[in-house]
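Trainee: The following block contains the structure, expressed as structure tokens.
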Protein chains: 2
Amino acid sequence: MSTIVSVDTRDIRFPTSLSLDGSDAMNPDPDYSAAYLVIRTDAADGLAGHAFVFTIGRGNDVQVAALETLRGHLVGRDVEELLADMGAASRLLTHDSQLRWLGPEKGVMHMAIGAAVNALWDLRAKRAGQPLWAHLSQLAPEELVSLVDFRYLSDALTPAEALAILRAAEPGRAARHAELLELGFPAYTTTPGWLGYSDEKLDRLCREAVADGFPQIKLKVGADLEADRRRLAIARRAVGDDFPIAIDANQRWDVADAIAWVNALSEFRPAWIEEPTSPDDILGHAAIARGVAPVRVATGEHVQNRIVFKQLLQAGGMQVMQIDATRVGGVNENIANLLLAAKFGVPVCPHAGGVGLCEAVQHLSMFDFVAVSGSMDGRMIEYVDHLHEHFVSPTLVARGRYLAPTAPGAGTEMHASSIEEFAWRGVHAGAGA
Amino acid sequence: MSTIVSVDTRDIRFPTSLSLDGSDAMNPDPDYSAAYLVIRTDAADGLAGHAFVFTIGRGNDVQVAALETLRGHLVGRDVEELLADMGAASRLLTHDSQLRWLGPEKGVMHMAIGAAVNALWDLRAKRAGQPLWAHLSQLAPEELVSLVDFRYLSDALTPAEALAILRAAEPGRAARHAELLELGFPAYTTTPGWLGYSDEKLDRLCREAVADGFPQIKLKVGADLEADRRRLAIARRAVGDDFPIAIDANQRWDVADAIAWVNALSEFRPAWIEEPTSPDDILGHAAIARGVAPVRVATGEHVQNRIVFKQLLQAGGMQVMQIDATRVGGVNENIANLLLAAKFGVPVCPHAGGVGLCEAVQHLSMFDFVAVSGSMDGRMIEYVDHLHEHFVSPTLVARGRYLAPTAPGAGTEMHASSIEEFAWRGVHAGAGA
């Protein structure tokens, strides 16, 4: 038996605004940051659970403050008991009635709970000696169902339906596990498409993306229609007629604007339009989806919880689900999201980039492939080549595919040296004292 | 010319869990709390802007941390310039692209921004020597429109439509202002209906509510159907056949459960069912509204922003809008909500209670009456007789009506002595050291 002895938090910020990496129509100068959490135990194995919430700079301290409030729920707990019933562990945090008032199940407090849940999963997978994706993929369908909070879902997905989805995928698990280890999982790249880049850099990065074997690229749009048309023309020339180019407006538009703008780009045949409007606007997404068809609507990186994902699916407002590893209530709520997507037949193409999002979310897509949807068709994980060097088990992408991680854990542990170097002291590392 | 010189924050918590005041199906033991903010200037008038976010205990420190992040946007600013364009002031805070990532426009960060906006309004009304409701009610329709962020609203409400609503209400402003001063605004009381109270206390408080002149009472439901039927029977006997009794489930149910439960209570003719399910579930509210008609669905105290209110109206999921003074982005976003309600012809009956919510939200209902909807029909403000003594200008309710406040400001300033006494020190005031 072992006990949780500490919950340590850190405010970590990378000065990415200095290079305009990550610039888009709504986020002109992000400083990729992590509100970081380590759960330590008194076990002899010395293993700790690491996780974080990704933010883009200011307010990372608020996110850290939210992580701090969870210490009282965790320190002193029996580790084996907690890890043996991760559904209960998740509910313990999500259903704190006082903390719930701060959401409910959304924003700063919900993301903090998600990080704590993810840290427990990192610890559990490390103890099992398995990468998280493989660990999740060999759980019994009944245990997987027990991880999901079905509250507010039963009009779209019942526990019995979830169980049926998971059981249907059970026979092929071993073959798909082997396929993942051999071939990896498709990636697409957003690296060419940031708004802050010059036309020449855009052209060069598009050609490099194709040469590198990526099956899709993505361009940021929404700041200036003529510039979008120019940049899409450059990209289309660079990648050729049949290569998928997704576009991403980062919530820039109202409904009518979205429809008009996307239709004004239709000659470039976008693979999807991502975040055309507010992530809260379910009915707006549905109206946009009708107005821009056959272009598909993709969203999810800012979708606050399973309840909004449920409605986006019910309303026909989302043809591609883009889960994020640190936006919702952790692995558990993302399993709910994967099951909802499977129920509605919508592919999951996770949001990644930032810091550590690639490392974290690849486990969820690989689990989806092995044990939920059972398919790679139309599925791919976003990839941006930023800041991977700060992770103990960095994402490996080759020939346009994520290689399946083999190191135990959830991929969310940073190097101690990176944590020290980029710990926020009120001024950016490298910007002078 | 004057300048903002400080933004002070405090973590204030009242030990209400000790008496079970405020207990309901989702919140068994709330400690009514305020993350409190004071904006001070170097002006000779010595006036300061006070506001707060209401929470129910744990996590109030996270909310204070969020208030702290706004200091950099406020300290050093020209006060007159800021107060002269409150639309710009609100956008300055809401559109900080890095802080926006923590929502967007929801949860801890959005509520903090709302408190800062409200503190500026408190200061502006104090400088004008007017209670906030009267101050807002004499603004030109054009200025009121300039306060609203129409982003994500234009498919339901355009600036031109908002202007038309406000202009239509302009001729009757003076008469309604006088009517308010003479008669006040209807209140309903939730005091009888907390789940923690005995049947005898319920019966007595119901009779007292009628005797006190309240036009409606509200009972908490949703924990136990048989107990709800017993309590509603007691209440119905106590208040008589024709007296309105609203019921409130505090988000307890999934869609099918909500419909079945409310229909099982239909013989008691509830005036509305409040928060039947997740505040995020727009389509769920719409299904419930169809399933329980003619009982109306009321919601809003946990609705995160104008975008969700817009959809609840579009989908027919909400027949009574219950705005909250400290949940959304402050007075500005609540003006958007009032305009949306007016556009869709839905009455606004604000959520109140907690600590300071009655003091704050009465100004919005009174402004709604004078300058937006122009009507008291079906409108009333929730009233709970808790903790008013801690405010410099406490709510005055008599004969079931809120008396129109006459003191300058937004009603949100607490006594310095209360702030000191209930400042959180890790243990409740009065609970021993």
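Trainee: Which condition does B:GLY22 not pass, out of (1) over 18 Å from the mean Cα position of the chain (by Cα); (2) modelled with pLDDT under 95, if it passes all the others?
Mentor: Checking B:GLY22 against (1) over 18 Å from the mean Cα position of the chain (by Cα); (2) modelled with pLDDT under 95, the one that fails is (1).
Trainee: Right, next: Give me the pairs: first residue in the range A:139-152 and outside the structural domain of A:VAL370 (by the TED database), second residue polar (S, T, N, Q) and part of a loop (DSSP other than H, G, I, E, B), beta-carbon distance under 9 Å, and six or more apart or on different chains, which are they?
Mentor: A:PHE150/A:THR158; A:ARG151/B:SER278; A:TYR152/A:ASN305; A:TYR152/B:GLN251; A:TYR152/B:THR277; A:TYR152/B:SER278
Trainee: Out of everything in the range B:405-433 that is exposed (fewer than 14 other Cβ atoms within 10 Å of the Cβ) and of a type in the set (Val, Ile, Thr), what residue ends up being farthest from the chain's Cα centre (by Cα)?
Mentor: Among residues in the range B:405-433 that are exposed (fewer than 14 other Cβ atoms within 10 Å of the Cβ) and of a type in the set (Val, Ile, Thr), the one farthest from the chain's Cα centre (by Cα) is B:VAL427.
Trainee: I've got another one for you. What number goes with the only condition from (1) away from chain B (no Cβ under 13 Å); (2) open to solvent by less than 10 Å² (accessible area, probe 1.4 Å); (3) touching a Ser or Thr at 6+ places or on another chain (Cβ under 8 Å); (4) under 25 Å from A:PHE54 (Cα atoms) that A:LEU357 does not pass?
Mentor: Unmet condition: (1).
Trainee: Which residue, of A:ASP8, A:ASP29, A:ASP61, A:ASP24, is within 14 Å of chain B (Cβ to nearest Cβ) and without any contact (Cβ under 8 Å) to a residue 60 or more places away in the chain?
Mentor: The unique qualifying residue is A:ASP29.
Trainee: Which of the residues spanning the range A:15-38 are of a type in the set (A, V, I, L, M, F, W, C) and in contact with a His (Cβ under 8 Å, 6 or more places away or on another chain)?
Mentor: Residues of the range A:15-38 of a type in the set (A, V, I, L, M, F, W, C): A:18, A:20, A:25-26, A:34-35, A:37-38.
If the condition is that a residue be of a type in the set (A, V, I, L, M, F, W, C) and in contact with a His (Cβ under 8 Å, 6 or more places away or on another chain), then A:LEU18, A:LEU37, A:VAL38 are the ones that fit.
Trainee: In this structure, is A:GLN322 away from every other protein chain (no Cβ under 14 Å) and closer than 23 Å to B:PRO279 by Cα?
Mentor: Yes: the conditions hold for A:GLN322.
Trainee: Among the residues of the range A:1-54, how many are in contact with a strand residue (DSSP E or B) (Cβ under 7 Å, 6 or more places away or on another chain), open to solvent by 20 Å² or more (accessible area, probe 1.4 Å) and assigned to a loop (DSSP other than H, G, I, E, B)?
Mentor: 2
Trainee: Can you pull out the residues in the range A:387-404 that are surrounded by fewer than 22 Cβ atoms within 10 Å (Cβ to Cβ) and in contact with a Ser or Thr (Cβ under 7 Å, 6 or more places away or on another chain)?
Mentor: A:HIS388, A:HIS390
Trainee: Continuing with the same structure: Of all the helices (runs of 4 or more DSSP H) wholly in the range B:84-130, which have at least 3 residues that are out of contact with any Pro (no Cβ under 9 Å at 6 or more places or on another chain)?
Mentor: B:86-94, B:107-128
Here is a yes/no grid of residues against (1) touching a Lys or Arg at 6+ places or on another chain (Cβ under 6 Å); (2) farther than 29 Å from A:SER97 by Cα:
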{"position": "B:ARG176", "(1), (2)": "no, yes"}
{"position": "B:GLY193", "(1), (2)": "yes, no"}
{"position": "B:SER198", "(1), (2)": "no, no"}
{"position": "B:ALA227", "(1), (2)": "no, no"}
{"position": "B:ASP241", "(1), (2)": "no, yes"}
{"position": "B:ILE247", "(1), (2)": "no, no"}
{"position": "B:ALA258", "(1), (2)": "no, no"}
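Trainee: Exactly one condition in (1) of a type outside the set (S, T, N, Q); (2) surrounded by 24 or more Cβ atoms within 10 Å (Cβ to Cβ); (3) on the phi > 0 side of the Ramachandran plot is not met by B:GLY378; state its number.
Mentor: For B:GLY378, the failing item is (2).
Trainee: Considering only residues of the range A:306-332 that are part of a helix (DSSP H, G or I) and either open to solvent by 10 Å² or more (accessible area, probe 1.4 Å) or not assigned by the TED database to the domain that holds A:GLU275 (or both), which is nearest to A:ILE381 (Cα to Cα)?
Mentor: Initial filter on the range A:306-332 (part of a helix (DSSP H, G or I)): A:306-314, A:330-332.
If we keep only those that are either open to solvent by 10 Å² or more (accessible area, probe 1.4 Å) or not assigned by the TED database to the domain that holds A:GLU275 (or both) too, we end up with A:313-314.
Working: A:LEU313: 20, A:GLN314: 24 Å.
Top of the filtered list is A:LEU313.
Trainee: Among the listed residues A:GLY114, A:GLY107, identify the single one that is under 12 Å from A:GLY330 (Cβ atoms) and not assigned by the TED database to the domain that holds A:LEU340.
Mentor: One residue alone meets the criteria, A:GLY114.
Trainee: Among the numbered conditions (1) acidic (Asp, Glu); (2) surrounded by fewer than 24 Cβ atoms within 10 Å (Cβ to Cβ); (3) within 22 Å of the chain's Cα centre (by Cα), tell me where B:GLU170 comes up short.
Mentor: Only one criterion is unmet by B:GLU170, namely (3).
Trainee: Would you check if B:ALA235 is small (Gly, Ala, Ser) and either within 14 Å of another protein chain (Cβ to nearest Cβ) or buried (at least 20 other Cβ atoms within 10 Å of the Cβ) (or both)? Give the steps one after another, and end with the answer.
Mentor: Values: small (Gly, Ala, Ser): yes; either within 14 Å of another protein chain (Cβ to nearest Cβ) or buried (at least 20 other Cβ atoms within 10 Å of the Cβ) (or both): yes.
Spelling it out, B:ALA235 is indeed small (Gly, Ala, Ser) and either within 14 Å of another protein chain (Cβ to nearest Cβ) or buried (at least 20 other Cβ atoms within 10 Å of the Cβ) (or both).
Trainee: Does A:MET366 satisfy the criteria of being of a type outside the set (S, T, N, Q), closer than 18 Å to A:ASN334 by Cα, open to solvent by 10 Å² or more (accessible area, probe 1.4 Å) and in contact (Cβ under 8 Å) with a residue 60 or more places away in the chain?
Mentor: no
Trainee: Considering every residue within the range A:192-206, establish whether at least one is open to solvent by less than 20 Å² (accessible area, probe 1.4 Å) and over 22 Å from the mean Cα position of the chain (by Cα). Before you say what the answer is, go through the steps one by one.
Mentor: Quick first cut of the range A:192-206, residues open to solvent by less than 20 Å² (accessible area, probe 1.4 Å) only: A:192-194, A:202, A:206.
Of the ones still in play, those that are also over 22 Å from the mean Cα position of the chain (by Cα) are A:202, A:206.
Within the range A:192-206 (the criterion being open to solvent by less than 20 Å² (accessible area, probe 1.4 Å) and over 22 Å from the mean Cα position of the chain (by Cα)), the answer is yes, since at least one residue qualifies.
Trainee: Mind listing whichever residues of the range A:81-125 are more than 9 Å from chain B (Cβ to nearest Cβ) and closer than 20 Å to B:MET109 by Cβ?
Mentor: Of everything in the range A:81-125, those that are more than 9 Å from chain B (Cβ to nearest Cβ) and closer than 20 Å to B:MET109 by Cβ turn out to be A:LEU93, A:THR94, A:ILE113, A:GLY114, A:ALA115, A:ALA116.
Trainee: Something else about it: So is B:VAL297 part of a strand (DSSP E or B) and β-branched (Val, Ile, Thr) or not?
Mentor: yes
Trainee: Can you name every residue in the range B:255-305 that is more than 23 Å from B:TYR152 (Cα to Cα), acidic (Asp, Glu), crowded, with 21+ Cβ neighbours inside 10 Å and within 11 Å of chain A (Cβ to nearest Cβ)?
Mentor: The answer is B:GLU275, and nothing else.
The values are calculated or read from the model by the stated rules, or taken from the named source; none is laboratory data. Since this is a predicted model, take the numbers as computed values, not measurements. Note: ideal-geometry Cβ built from the backbone for every residue, glycine included; neighbour counts use all protein chains shown. In case anyone asks, the SASA skips ligands and DNA or RNA and just uses the protein heavy atoms, side chains included. Shrake-Rupley method; radii C 1.70, N 1.55, O 1.52, S 1.80 Å.
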